[in-house]
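One structure below.
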Amino acid sequence: MYMMEKVRIIVGLGSCGIAAGGKKVYERFKQEIDSRGLDVILEETGCRGMCYHEVLVDVVSPYGRGPYGHVTPEMVKEIVDTHVLDGYVVPEFLVPLEDRMSLYKQQRIVLRNCGEISPESIDEYISNNGYQALEKALKQMSPEEVIDEITRSGLRGRGGAGFPTGVKWGFASKSLGNEKYFICNADEGDPGAFMDRSILESDPHSVIEGMLIGSYAIGANHGYIYVRAEYPLAIQRLKIAIQQAKDRGFIGEHITGSDFGFELEIKEGAGAFVCGEETALISSIEGNRGMPRLRPPFPAICGLYGKPTNINNVETLANIPWIIMEGAKAYASFGTEKSKGTKVFALAGKIRRGGLVEVAMGMSLRDVIFDVGDGIAGGHEFKAVQLGGPSGGCIPASLLDTPVDYESINQTGAIMGSGGMVVMDETICMVDIARFFLNFTQNESCGKCTFCRIGTRRMLEILERIVAGNGDQNDIELLEELAQSIGKTSLCGLGQTAPNPVLTTLKYFRDEYESHIRDRRCLAKACKELISFAIIDEQCKGCGLCIKVCPAEAVTGEKKKLHVIDADKCVRCGQCVAKCKLGAIARVDRY
Amino acid sequence: MCTCIEKQQKLGLILSEYQNKSGGLIPVLQKAQGLYGYLSEDIMFKVADGLGVKPSVVYGVATFYTQFRFSPVGEHIIRACHGTACHVSGAENITRIMADKLGVEPGKTTADMKFTLDRVACLGCCSLAPVVMVDSDVYGRLDEARVEEILGNY
Ligand SMILES: Cc1cc2nc3c(=O)[nH]c(=O)nc-3n(C[C@H](O)[C@H](O)[C@H](O)COP(=O)(O)O)c2cc1C
Ligand code: FES
């Protein structure tokens, strides 16, 4: 435990904190502390979810506590002088009260420790009730009782499909054989999603504890965590956590004095989205090409090396210790009838409070985006929210009152998916977004099913010609036909859901497709081939910023005189629009 | 082709470590690439030999995963994110700016072998989009000035 009288300085060093420059801030604090010989504790923590305020620094002193946001190395001296030495918080650096209050609109079960404890300290995890659920399960509950508790909690898999976790464990436990495997799926491939990364970086022990409890329940003695290669920090922290758990006897033989033994290994992915699919993941752990296979048999019967295997997602597992400690009833008290508990969402895109939030299931999309997420950044209008990544879809403003639960989201044509929510404003072209996702799935198709391999390529080609202004009258029909066939004839979820981004945008934003094809106009004024840039005479003061930023030397004009853009030279990157403070450059239709 | 004895010895050790382990091919390829920076034909043959599998199997697995490379890479690898959040936050321009500054197209390596510029799909820091990763350091909230500053670090 901490000694209360000492001041603690805690720097947020999840990937987001580091990406915002957290390591430099940490180093500067260290210098200040060392050079002045201060008796304070400098610590690091993971992601608090307020990524939009990174670098976040918490100073905990008897005089007051401040989460400081957007901390730069230059601010460090003042924080040390004023808060640490004089005992006053520095009000102008504090995270605004309103933003801090937004945490109370959340229900943090999975994220209970994220940003609260040091991810590299098993002691801090233990002092927050860590590994108590494991002890409870091993000492007071039979495997059947554990499964029953999880079943009654109503927990459904957070990896995307939403299969009831307790039922899945039941299958694996009934499967015959004395050698079984338990796999944690940390492949998180959906672009725009980062829940699993944050959990692993901020609270790795909760996932390990969830795996241990699950393995005890189904009778597995060997586990793997399959982590994608793009997450080096998560891998590093998991390695530390596994070693610590081994040293304390939570991994190994006779765990907490019981007959249960468990070995755990990390497998690093090698870059293939399809390996998130469970049968492909198994094939990849076996050292093969990560190609999905037909189910049944399900992994619970015939999985890794032909043995019964259970696979769960990171977030699913992080829920487990909480449910065992607090009980199924407490968990099921959150959420809706069919979707119990909470869901973590990764808010990104054009949203003000981008980051991680955890809310009770059943909250409306509107509340998640406009209340918890504080609405659209940059003074723009909400247009759509993308849910479920390449398997999901774009939900329009008219459906913002849809509650977030599996069934309601499915009805919109999108899917809940793993929890990535990319918010889009009116500057984003929906046809381009469909093209973006088809490009992704087309790249990531493993090639096994013909329709997935070739069909997605054809769809991509059609979308590419539409955004370039070369679309054909029949193209929409063609897209719909291809979408149907690909969905029906693909073996795995990748192909089956690949058409979703196209189908949802066609359903809700058909006018955008039509205007691209019929009028060669992009309503969002985003598609490069269909727009040009023009200087608005009355607004331009001739400051020269656009001339400086233009990579193509397309803007000319003397200082303090009207500038002009040479359309032939212009590469339509839009950097001048972003740079102009006077709003003097407009995107206009080219045709 | 590698002439360095030390690396060959290390590869030998890796191969003997995984020789009798199931599922060893991918970790071996990852470690071999860590050693040499990429997988040459010669290395893939050695891996096949060392693990007792057919060269076609090694090649089949290696080419399936985007992590593996078959030509030499620069000293630093820049991964420019083109995930959804970065895409809607101007990733295309950031990559363009980097490509212009480095004088190299995405997917290629600079003539002085200092940087390889790659496009990837989501680095998991979407709330700080647009994002790039240089080796294992992630940088977010990029604009032209910050790109310049970051490249200057290396
Ligand atoms: C193409 C594809 C990609 C997937 N990617 C992931 C992933 O990155 N992470 C994940 O947990 N599940 C992913 N899944 C779902 C898994 O197959 C599996 O259903 C899940 O890991 C089961 O865990 P859960 O029951 O806890 O959700 C993917 C499925 C498909 C079809
Ligand atoms: S989309 Fe770029 S980090 Fe996720």
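For this structure, a couple of remarks:
- Each residue of region A:70-78 was assigned a 3J(HN,Hα) from its phi angle through the Karplus curve 6.51 cos²θ - 1.76 cosθ + 1.60 (θ = phi - 60°); the sequence is 6, 6, 10, x, 5, 7, 4, 4, 5 Hz, with glycine and proline shown as x.
- 10 Å-binned pair-distance histogram of region A:528-589 (Cα, whole percent): 25, 62, 12, 0
- Amide H contacts for A:Ile585 (H built 1.01 Å from N in the peptide plane; partners 5 or more residues away or on another chain; cut-off under 5 Å): A:Ile536.
- Top positive-direction residue, dipole computed over chain A with Cβ charges, set A:Ile531, A:Tyr305, A:Ala348: A:Ile531
- In this rough spin-label picture, where each label sits 7 Å from Cα along the Cβ direction, the A:Arg518-B:Asp100 distance is 3.7 nm.
- Computed helical MRE - 222 nm, chain A, DSSP H runs ≥ 4 contributing -39500 (n - 2.57), nearest 500: -10000 deg cm²/dmol
- By the beta-carbon count within 10 Å of each Cβ, the least crowded to most crowded order of A:Glu286, B:Glu148, fewest first, is B:Glu148, A:Glu286.
- Under the Debye formula (equal points on every Cα, no solvent term), log10 I(q)/I(0) of region A:342-425 at q = 0.11, 0.24 Å⁻¹: -0.22, -1.20
- Taking label points 7 Å from Cα along the Cα-to-Cβ direction, B:Asn20 and A:Leu562 give a separation of 8.4 nm.
- Sequence-ordered 3J(HN,Hα) estimates for region A:141-149 from the Karplus curve with 6.51, -1.76 and 1.60 and θ = phi - 60° stand at 10, 7, x, 5, 5, 4, 4, 4, 4 Hz, glycine and proline given as x.
- Under 11 Å, Cβ to Cβ, from A:Ser364 - net charge with Lys/Arg +1 and Asp/Glu -1: -3
- One decimal place: the segment A:Glu538-A:Arg457 gains 24.5 nm when fully extended, by the rule 0.36 nm per residue minus the C-alpha distance.
- Residue order, fewest to most beta carbons within 10 Å, for A:Cys16, B:Cys86: B:Cys86, A:Cys16
- Subset of A:Lys180/A:Lys340; A:Lys24/A:Lys561; A:Lys541/A:Lys569 violating a 32 Å alpha-carbon distance limit: A:Lys24/A:Lys561
- Karplus 3J(HN,Hα) series, Hz, for region A:507-514 with 6.51 cos²θ - 1.76 cosθ + 1.60 (x for Gly, Pro): 5, 9, 10, 4, 4, 5, 4, 4
- Its alpha carbons give region A:8-95 an Rg and a Dmax of 11.6, 33 Å.
- Amide hydrogen proximity for A:Gly393: with H placed 1.01 Å from N in the peptide plane, the residues at 5 or more positions away or on another chain lying under 5 Å are A:Leu387, A:Ile415.
- About its Cα centre, the dipole of region A:549-591 is roughly 220 debye, where the only charges are +1 on Lys and Arg Cβ and -1 on Asp and Glu Cβ.
- Assuming charge only on the beta carbon of Lys and Arg (+1) and of Asp and Glu (-1), the dipole of chain B about its Cα centre is about 460 debye to the nearest 20.
- Farthest toward positive dipole pole in chain B [+1 Lys/Arg, -1 Asp/Glu at C-beta], among B:Ile150, B:Ala91, B:Phe70: B:Phe70
- Ranking A:Cys47, A:Asn113, A:Ser283 by Cα position along the charge dipole of the protein assembly as shown, where only Lys, Arg, Asp and Glu carry charges on their C-beta atoms, puts A:Ser283 farthest toward the positive end.
- Annotation: aspartates and glutamates with alpha-carbon distance below 17 angstrom to B:Lys54 (same-chain offsets under eight excluded): A:Glu286, B:Glu41, B:Asp42.
- Net charge contributed by nearby residues that have their C-beta within less than 10 Å of A:Asp589 (K/R +1, D/E -1): +4
- Cross-link partners of A:Lys383 among lysines (Cα-Cα below 21 Å; sequence separation of 8 or more within a chain): A:Lys350, A:Lys507, A:Lys525, A:Lys528
- Convex hull volume per residue, computed on the Cα atoms of region A:1-160, equals 144 Å³.
- When the alpha-carbon atoms of chain B are used, the pair Rg, Dmax equals 17.8, 51 angstrom.
- From its DSSP helices (H runs of at least four residues, each -39,500 (n - 2.57)), chain B gives a residue-normalised ellipticity at 222 nm of -14000 deg cm²/dmol.
- Remark on A:Gly303: its backbone amide H falls under 5 Å from those of A:Thr309, a criterion applied only to residues 5 or more positions apart or on other chains, H modelled at 1.01 Å from N.
- Note on chain A: with charges restricted to the Cβ of Lys and Arg (+1) and Asp and Glu (-1), its dipole about the Cα centre is near 1040 debye.
- Computed over the protein assembly as shown, the alpha-carbon pair-distance distribution with 20 angstrom bins reads 16, 49, 31, 3, 0, each value a whole percent.
- Counting other Cβ atoms within 10 Å as a rough exposure proxy, the listed residues A:Met421, B:Met133 run B:Met133, A:Met421 from fewest neighbours to most.
- Only alpha carbons enter this Debye calculation for region A:417-541, each as an equal point scatterer, and the log10 of I(q)/I(0) it gives at q = 0.09, 0.23 Å⁻¹ is -0.28, -1.32.
Read-outs throughout are calculated quantities, based only on the coordinates presented, and are distinct from any laboratory measurement. Keep in mind it's a predicted model, so treat the numbers as computed, not measured. Reconstructed Cβ throughout: ideal geometry from the backbone, glycine too, with neighbour counts over all protein chains shown.
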